[in-house]
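Engineer: Before anything else, here's the structure in question.
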2 protein chains.
Amino acid sequence: MIEYRNLRVALLGGGSVGAQVAALLLEHGEELANRSGAGLELVGVAVRDLDAERTPAIPAHLLTTDAESLILGADIVVELMGGLEPARSYILQAINSGADVITANKALLATHGPELFEAAEQVGAQLYYEAAVGGAIPIIRPLRDSLAGDRVTRILGIVNGTTNFILDRMDVNGDTLENALAVATELGYAEADPTADIGGYDAAQKAAILASLAFHTTVPLESVHREGITEVTAGQVDAARKAGFVVKLLAICERIAIVDADGAETGEYGVSARVHPALIPAAHPLAAVHGANNAVFVQAEAAGSLMFYGAGAGGLETASAVLGDLVSAARRHVIGGPGIAESTHATIEVLPMSSVRTRYQITLTVVDQPGVLATIASLFSEHGVSVEAVSQSVSDGTTGSLPTATLVIVTHEATESSLASTVAALGSNDAVSAVDSVLRVEGL
Amino acid sequence: MIEYRNLRVALLGGGSVGAQVAALLLEHGEELANRSGAGLELVGVAVRDLDAERTPAIPAHLLTTDAESLILGADIVVELMGGLEPARSYILQAINSGADVITANKALLATHGPELFEAAEQVGAQLYYEAAVGGAIPIIRPLRDSLAGDRVTRILGIVNGTTNFILDRMDVNGDTLENALAVATELGYAEADPTADIGGYDAAQKAAILASLAFHTTVPLESVHREGITEVTAGQVDAARKAGFVVKLLAICERIAIVDADGAETGEYGVSARVHPALIPAAHPLAAVHGANNAVFVQAEAAGSLMFYGAGAGGLETASAVLGDLVSAARRHVIGGPGIAESTHATIEVLPMSSVRTRYQITLTVVDQPGVLATIASLFSEHGVSVEAVSQSVSDGTTGSLPTATLVIVTHEATESSLASTVAALGSNDAVSAVDSVLRVEGL
């Protein structure tokens with residue numbers, strides 16, 4: 001085991017995301033150290049109320065109500081409290097005491113982003129916020145870095161899981177808005193006061209963050225046009241479906257050519273950000289985003305159309321994004337830039353194809369006579385391959401004087417080596433005229 | 001205009017990607033400087049043959065056959081020659097002379113990646129390669145950074161556009177492999193010698209790169225199991241479709257629990273990487289990846305399922321990824337880490353909702369009598385809104401004593417302000433009983 005320098009990590013907030021981050025940090029510490037080049041030592045978790053916020057995921061001795069002292073001793077501060085204050089003050093304190101900061105706080109970034117980024121730039125600290133938009137879906141780094149050499153022209157984003165769940169219920173189940181909201185609340189997809197979600201406020205914050213990043217400028221939250229889904233009716237959703245459309249709440253960020261009074265393009269560009277329900281064609285990739293999932297569709301001049309898709313902001317998913325930022329921050333502390341040598345830090349055995357387990361579809365031409373199916377089935381079983389389904393087509397030919405049939409067999413998971421010996425045995429069995437096709441089945 | 005320090009950029013290779021990179025660097029220089037915090041000065045393009053590789057995109061005075069001198073004077077070297085040698089030697093020379101390196105060379109990375117990464121680590125240089133997998137789709141940064149705190153368990157990738165185009169033709173058009181390949185060649189999706197693509201060699205190189213990144217280890221190219229699509233028959237594709245599957249060439253990278261001789265898990269993990277045609281369920285997100293597009297589906301313990309989707313590796317798309325890496329490299333030169341203040345470098349006007357142009361679907365209840373449609377149509381026209389389609393349902397009610405009908409109108413693009421005045425006029429028109437619904441239409 002390699003000895004690493006330790007970086008002191010302070011967590012502000014012990015809610016659902018904070019508890020997951022703490023648990024993963026404690027559980028996967030060595031693995032994260034290997035990838036970071038530094039140990040990530042959780043030095044404390046600041047909460048408002050020690051008794052109310054006790055959770056099995058966080059050892060009791062790490063809990064504190066003294067956020068300010070915790071921040072002072074930290075190399076990296078992770079802010080997961082939410083809300084504007086005291087989150088803003090704590091982040092500024094952390095930056096000014098030389099720590100890097102990781103936050104998932106979209107409201108704060110959309111409202112006070114420029115102030116925080118400027119404070120960080122002044123002292124050479126970094127502010128990471130991959131978790132602020134789209135949960136675990138990497139969208140901040142792709143926009144900030146991967147597309148930094150391109151010109152983004154439009155973003156269409158499904159960035160609020162609650163409203164997508166509701167609109168999807170209305171579309172797929174024919175629910176009213178009221179019923180769909182009740183289901184979302186019951187399943188934990190909507191909060192007791194759902195205003196931030198169904199009013200479009202949450203999506204507007206994310207639109208401000210995405211537009212600022214994509215267009216390399218500052219798009220204030222108050223300039224984001226916002227409409228929620230409260231006026232969307234079951235009739236509209238039904239009519240949309242019949243016309244080949246789906247209703248989605250979209251965050252739309254656009255680069256727009258500015259026109260003069262006569263409508264002629266001036267050569268200048270402006271940007272706009274807006275959130276409102278919209279019809280999208282049923283064949284559009286965003287139309288297939290169901291349930292509480294999120295997706296961001298990006299169009300850029302050189303890159304063309306890209307889509308980023310995944311689960312919305314659950315506690316565990318958001319923790320994944322926070323931990324990715326933690327590893328990035330640690331790498332920067334260690335080598336002054338994104339790590340490049342992580343691939344050499346671990347050596348994991350590379351297994352041969354014979355160790356792979358997957359499922360198979362095997363098509364056979366067999367002699368069509370009683371008992372053949374049983375023969376074939378026991379042959380699979382003898383080689384340790386379990387059959388999930390067999391379908392037999394009607395007799396469709398002859399081999400010599402015997403009628404033949406086609407069998408299509410789908411297996412449960414089996415190793416490549418078991419499958420190979422099964423296929424070899426099939427090939428030499430008298431009941432089998434031919435092994436027509438062997439294909440692996442993935443993605444089930 | 002801000003004055004920046006200039007960084008000297010050397011390009012190795014003037015082919016389709018190189019020409020696009022050169023053109024974009026020269027055309028968008030100021031914009032890229034604003035985002036990078038440094039000017040990106042293209043100091044030369046090394047080619048093998050000055051006459052044969054002359055292109056309008058690259059000024060003649062920048063072309064040189066002396067790659068080694070060009071590398072010596074560069075801060076950033078962009079290698080777009082392809083092939084193992086002399087690309088490998090040039091990259092090592094660049095690293096050892098203190099330059100950062102950007103490459104799209106998947107064959108080289110899959111074969112000599114560890115040697116190059118180690119050389120870079122020795123001298124503190126960076127090696128960027130977002131363009132090596134998936135063209136413009138950001139997949140390297142998400143795996144290296146965003147998911148660095150998570151445990152990736154499986155990757156299913158459609159990483160070769162040529163074979164996806166061919167298999168998609170076979171599925172959608174019922175083509176044979178031979179015919180589909182001929183179409184791909186004719187359209188420029190397949191090269192004259194298509195072996196690297198249809199033999200799965202290209203996909204295997206990408207699988208080695210993805211597996212090494214995702215599992216933070218070294219997966220050598222020779223340990224990637226590889227099967228191409230040459231044995232896939234029209235009959236298999238047809239049978240798959242009837243059974244609810246699609247045949248895709250997948251690059252599959254997996255974390256696999258190691259079992260002992262009795263089949264019990266040892267607690268240790270290994271990894272495997274393989275490329276072969278596979279059946280995937282028609283409802284899987286990868287099944288909807290048509291034509292020459294690429295997509296990478298990633299499963300991780302905390303993040304759940306993610307998908308990254310976009311165009312495969314065309315010249316322009318690959319150039320987008322290269323330029324993103326160039327901006328990242330420049331930011332690191334300037335401030336020693338990923339830039340955070342780029343949002344303050346540019347100020348672009350944020351436009352109000354009234355400047356947004358989009359399309360609309362308007363549903364009206366109108367009095368069902370002759371001339372109403374003409375009245376409504378001219379009302380749209382008077383307000384500068386062009387109608388694309390109108391559909392009228394059968395008479396479905398009465399207003400007072402008059403029968404009514406429902407009109408659904410879809411407009412061409414119009415401004416929010418024109419639309420608002422149109423809707424106001426509709427509301428006060430005698431022929432209109434009610435404006436039932438106004439929805440924007442996006443994604444067309």
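The values are calculated or read from the model by the stated rules, or taken from the named source; none is laboratory data. On a predicted model such as this, the values are computed, not experimentally measured, just so you know. Ideal geometry is used to build each Cβ from the backbone, glycine not excepted, and the neighbour counts take in all protein chains shown. Ligands, DNA and RNA are stripped out before the accessible areas are found, and what is left, the full protein with its side chains, is counted by its heavy atoms. Shrake-Rupley method; radii C 1.70, N 1.55, O 1.52, S 1.80 Å.
Engineer: Please go through segment B:30-51 and pick out each residue that is assigned to a strand (DSSP E or B) and either among the hydroxyl-bearing types (Ser, Thr, Tyr) or more than 9 Å from B:VAL327 (Cα to Cα) (or both).
Structural biologist: First, the residues of segment B:30-51 that are assigned to a strand (DSSP E or B): B:39-46.
Scanning segment B:30-51 gives B:GLY39, B:GLU41, B:LEU42, B:VAL43, B:GLY44, B:VAL45, B:ALA46.
Engineer: Among the residues of segment A:176-194, is any under 30 Å from A:PHE117 (Cβ atoms) and modelled with pLDDT under 95? Reasoning before the result, please.
Structural biologist: First pass over segment A:176-194, keeping only residues under 30 Å from A:PHE117 (Cβ atoms): A:191.
Subsequent filtering for residues that are modelled with pLDDT under 95 retains A:191.
Yes, the conditions are met somewhere in segment A:176-194.
Engineer: Run B:ALA10 past the list (1) at pLDDT 95 or above; (2) crowded, with 20+ Cβ neighbours inside 10 Å; (3) more than 25 Å from B:GLY113 (Cβ to Cβ) and report the number of the one that doesn't hold.
Structural biologist: (3)
Engineer: Which members of segment B:250-281 meet the condition of being closer than 25 Å to A:LEU439 by Cβ and more than 10 Å from chain A (Cβ to nearest Cβ)?
Structural biologist: Listed by number, the residues that qualify are B:ALA251, B:CYS253, B:VAL275.
Engineer: Further question on the same structure: Give me the residue from segment A:406-444 that is in contact with a Lys or Arg (Cβ under 9 Å, 6 or more places away or on another chain) and open to solvent by 50 Å² or more (accessible area, probe 1.4 Å) and, out of that set, nearest to the other protein chains (Cβ to nearest Cβ).
Structural biologist: If we take residues in segment A:406-444 being in contact with a Lys or Arg (Cβ under 9 Å, 6 or more places away or on another chain) and open to solvent by 50 Å² or more (accessible area, probe 1.4 Å), then A:LEU444 is nearest to the other protein chains (Cβ to nearest Cβ).
Engineer: Give all pairs with beta carbons closer than 7 Å in which a residue from segment B:161-172 that is within 13 Å of B:THR185 (Cα to Cα) meets a residue that is part of a helix (DSSP H, G or I) and of a type outside the set (A, V, I, L, M, F, W, C); count only pairs at least 6 apart in sequence or on separate chains.
Structural biologist: What qualifies is B:THR162/B:ASP197; B:THR163/B:ASP197.
Engineer: Can you confirm whether B:VAL219 is assigned to a loop (DSSP other than H, G, I, E, B) and either buried (at least 23 other Cβ atoms within 10 Å of the Cβ) or not assigned by TED's automatic domain parsing to the domain that holds B:HIS112 (or both)?
Structural biologist: Working: assigned to a loop (DSSP other than H, G, I, E, B): yes; either buried (at least 23 other Cβ atoms within 10 Å of the Cβ) or not assigned by TED's automatic domain parsing to the domain that holds B:HIS112 (or both): yes.
In short, yes.
Engineer: Would you be able to say whether some residue in segment A:266-274 is modelled with pLDDT of 90 or more, aliphatic (A, V, I, L, M) and either on the phi < 0 side of the Ramachandran plot or surrounded by 19 or more Cβ atoms within 10 Å (Cβ to Cβ) (or both)?
Structural biologist: Yes: one or more hits.
Engineer: Give B:VAL172, B:VAL152, B:VAL159 a once-over and let me know the one that is touching a strand residue (DSSP E or B) at 6+ places or on another chain (Cβ under 6 Å), more than 11 Å from B:LEU249 (Cβ to Cβ) and of a type outside the set (Asp, Glu). Please lay out each step first, then the result.
Structural biologist: Values: B:VAL172 fails: touching a strand residue (DSSP E or B) at 6+ places or on another chain (Cβ under 6 Å); B:VAL159 fails: more than 11 Å from B:LEU249 (Cβ to Cβ).
That would be B:VAL152, the only listed residue that is touching a strand residue (DSSP E or B) at 6+ places or on another chain (Cβ under 6 Å), more than 11 Å from B:LEU249 (Cβ to Cβ) and of a type outside the set (Asp, Glu).
Engineer: So which pairs qualify, if the first residue must be in segment B:362-377 and crowded, with 18+ Cβ neighbours inside 10 Å, the second must be at pLDDT 85 or above and part of a loop (DSSP other than H, G, I, E, B), the Cβ gap must be under 6 Å, and the two must be at least 6 apart or on different chains?
Structural biologist: Within 6 Å, the pairs are B:VAL366/B:ALA431; B:VAL367/B:ALA431; B:VAL372/B:ALA431.
Engineer: Here's something else I'd like to know. Out of the residues in segment B:24-35 meeting the condition of being open to solvent by 30 Å² or more (accessible area, probe 1.4 Å) and not acidic (Asp, Glu), tell me which one is modelled with the highest pLDDT.
Structural biologist: First pass over segment B:24-35, keeping only residues open to solvent by 30 Å² or more (accessible area, probe 1.4 Å): B:26-27, B:30-31, B:34.
Remaining after also requiring not acidic (Asp, Glu): B:26, B:34.
On the way: B:LEU26: 93, B:ASN34: 86.
Among those that are open to solvent by 30 Å² or more (accessible area, probe 1.4 Å) and not acidic (Asp, Glu), it is B:LEU26.
Engineer: For the structure I just gave you, tell me whether B:ILE71 is in contact with a Phe, Trp or Tyr (Cβ under 9 Å, 6 or more places away or on another chain), of a type outside the set (Asp, Glu) and modelled with pLDDT of 95 or more. So that I can check it myself, show each step before the final result.
Structural biologist: On the way: in contact with a Phe, Trp or Tyr (Cβ under 9 Å, 6 or more places away or on another chain): yes; of a type outside the set (Asp, Glu): yes; modelled with pLDDT of 95 or more: yes.
Answer is yes for this residue.
Engineer: Filter segment A:309-320 for residues that are at the interface with chain B (Cβ under 7 Å from one of its Cβ atoms) and farther than 30 Å from B:LEU316 by Cα; which is surrounded by the most Cβ atoms within 10 Å (Cβ to Cβ)?
Structural biologist: Taking segment A:309-320 as the starting set, the residues that turn out to be at the interface with chain B (Cβ under 7 Å from one of its Cβ atoms) are A:309-311, A:316-317, A:319-320.
Okay, now just the ones that are also farther than 30 Å from B:LEU316 by Cα, so A:311, A:316-317, A:319-320.
Working: A:ALA311: 23, A:LEU316: 21, A:GLU317: 26, A:ALA319: 30, A:SER320: 32.
The extreme case among them is A:SER320.
Engineer: If we scan segment B:296-308, do we find a residue that is facing another protein chain (nearest Cβ under 8 Å), open to solvent by less than 40 Å² (accessible area, probe 1.4 Å) and among the hydroxyl-bearing types (Ser, Thr, Tyr)?
Structural biologist: no
Engineer: Still on this structure, I have one more. What is the one condition in (1) among the basic types (Lys, Arg); (2) surrounded by 20 or more Cβ atoms within 10 Å (Cβ to Cβ); (3) more than 14 Å from chain A (Cβ to nearest Cβ) that B:ARG48 does not satisfy?
Structural biologist: Unmet for B:ARG48, out of (1) among the basic types (Lys, Arg); (2) surrounded by 20 or more Cβ atoms within 10 Å (Cβ to Cβ); (3) more than 14 Å from chain A (Cβ to nearest Cβ): (2).
Engineer: Let me ask something else. Can you name every residue in segment A:221-251 that is without any contact (Cβ under 8 Å) to a residue 24 or more places away in the chain and either within 22 Å of the chain's Cα centre (by Cα) or within 27 Å of B:ASN34 (Cβ to Cβ) (or both)?
Structural biologist: Hit for segment A:221-251 is A:GLU222, nothing else.
Engineer: Additional query: Say whether the condition of being in contact with a strand residue (DSSP E or B) (Cβ under 9 Å, 6 or more places away or on another chain) and among the β-branched types (Val, Ile, Thr) is met by at least one residue in segment B:140-147.
Structural biologist: yes
Engineer: Another one. Regarding A:VAL152, is this residue within 14 Å of chain B (Cβ to nearest Cβ) and over 17 Å from B:ALA148 (Cα atoms)?
Structural biologist: Numbers: within 14 Å of chain B (Cβ to nearest Cβ): yes; over 17 Å from B:ALA148 (Cα atoms): yes.
For A:VAL152, the condition - within 14 Å of chain B (Cβ to nearest Cβ) and over 17 Å from B:ALA148 (Cα atoms) - is met.
Engineer: Within segment B:335-388, restricting attention to residues that are assigned to a loop (DSSP other than H, G, I, E, B) and either touching a Leu at 6+ places or on another chain (Cβ under 9 Å) or at pLDDT 90 or above (or both), which residue is farthest from A:VAL123 (Cα to Cα)?
Structural biologist: Looking at the filtered set, the residue picked out is B:GLN369.
Engineer: Among the candidates B:ARG274, B:ARG255, single out the residue that is in contact with a Phe, Trp or Tyr (Cβ under 6 Å, 6 or more places away or on another chain) and outside the structural domain of B:HIS112 (by TED's automatic domain parsing). Before the answer, list the steps.
Structural biologist: Values: B:ARG274 fails: in contact with a Phe, Trp or Tyr (Cβ under 6 Å, 6 or more places away or on another chain).
Checking each option against the conditions leaves just B:ARG255.
Here's the yes/no breakdown for (1) farther than 21 Å from A:ARG357 by Cβ; (2) out of contact with any Leu (no Cβ under 7 Å at 6 or more places or on another chain); (3) of a type in the set (Gly, Ala, Ser):
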position	(1), (2), (3)
B:GLY228	yes, yes, yes
B:VAL232	yes, no, no
B:ARG241	yes, yes, no
B:ILE252	no, no, no
B:ILE258	no, yes, no
B:LEU279	no, no, no
B:ASN293	yes, yes, no
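Engineer: Working only within segment B:52-64, note down all residues that are small (Gly, Ala, Ser) and either part of a loop (DSSP other than H, G, I, E, B) or not assigned by TED's automatic domain parsing to the domain that holds B:VAL322 (or both). If you could, list the steps in order and put the result at the bottom.
Structural biologist: Filtering segment B:52-64 for residues small (Gly, Ala, Ser) gives B:52, B:57, B:60.
B:ALA52, B:ALA57, listed by residue number.
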